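Reviewing the structure listed below.
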Amino acid sequence: MVDLASLPPQLRRAVDDEMRRLRAGDGVLYGDMTSEEAHDLESADGRALPPDGALDRFIAHATVPPADVAASDLAGYTLVGVVPEGPGLDGPWSSVKRVYRRPDGVLVMLHEWAYVAEGGGVLGVRELMNASVRHGTARCPAQFAIRRAPTGQAVSELRWFTDAKVFTLSVAQDVLADGGQDHGKAWMLRLAEAIE
């Protein structure tokens, strides 16, 4: 985790651009979705491999096993499909996106990237972090954001970093629109903290 001021000038400009794109308010980062992000969200369940055996296939070709979601709300949702990602079409895969539907029909996705297994790294900028997630015994820096597409489609995201993976929990709605009563920020944090 680094401070914005400690970054080299070129990287600082890139982070400044991201900070301008995201407008902070009430502990939430608000931003715009790019057209690519909106398309990914709208087509996520159509691009996913059917759930029958897809997760087992991913596990067989993964560099690191996927996180266990059995203790989270995700275990009770309908798994729509799995999107494996990595350097080759047939693996080894270091990243997976699981696509779910809540009982009310809302799309929920869990993306995890095993950056260490891929030889990569993550640079977290303190000024962009506005939450934390308990993962095991550690508190991990996190970012909670709500982004909107020009079409009005919203996505709420909670992204956190462990010493081996980056997780992104995405919900295809503004979870604060109803005051966050049923599926708000606290629900997203509880869901994230139940993922092992």
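Express the relative contact order of the range 23-149 as a whole percentage, based on alpha carbon pairs under 8 Å and six or more residues apart in sequence. Intermediate values should be presented prior to the final figure.
Details: 176 pairs, mean separation 34.0, N = 127.
That works out to 27 percent.
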With unit charges on the beta carbon (Lys/Arg positive, Asp/Glu negative), name the residue among Gln143, Gln173, Leu110 whose Cα is farthest towards the positive pole of the charge dipole of the range 50-185.
Gln143
Using only protein heavy atoms and a 1.4 Å probe, report how much of Glu18 is accessible, in Å² to the nearest 10.
50 Å²
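Provide Met1, Met19, Met188, Met129 ordered by accessible surface of protein heavy atoms (probe 1.4 Å), highest first.
Details: Met1 95, Met19 60, Met188 0, Met129 40 Å².
Ranked from most to least accessible, the order is Met1, Met19, Met129, Met188.
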Return the single residue from Gln153, Gln173, Gln143 with maximal mean-square fluctuation; model: Gaussian network over the chain, springs between Cα atoms under 10 Å.
Gln153
5 angstrom amide H check on Gly124, placed H, neighbours 5+ away:
Val2
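Viscosity 0.692 mPa s, temperature 37 °C: give me the Stokes-Einstein translational D for the range 3-107 in µm²/s, with Rh taken as the Kirkwood radius over C-alpha pairs.
On the way: Rh = 16.6 Å.
Roughly 198 µm²/s, to the nearest whole number.
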Springs between alpha-carbon pairs under 10 angstrom, Gaussian network model over the chain: which of Thr151, Thr78, Thr63 fluctuates most?
Thr151
Which Rg and Dmax, in Å, describe the Cα atoms of the chain?
16.6, 48
May I ask you to give the solvent-accessible area per residue for the chain, in square angstrom, as obtained with a 1.4 angstrom probe?
50 Å²
Equivalent ellipsoid semi-axes for the range 59-103, as square roots of 5 times the alpha carbon gyration tensor eigenvalues: give them largest first, rounded to whole Å.
23, 12, 6
Probe 1.4 Å, all chains present, heavy atoms only: His61 accessible area in Å², nearest 10, is 80 Å²
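The values are calculated or read from the model by the stated rules, or taken from the named source; none is laboratory data. All values reported here derive from a predicted model rather than from experimental measurement. Cβ sites come from the backbone with ideal geometry, for glycine too, and all protein chains shown count toward neighbours. Calculation scope for accessible area: heavy atoms of the full protein, side chains included, ligands and nucleic acids excluded. Shrake-Rupley method; radii C 1.70, N 1.55, O 1.52, S 1.80 Å.
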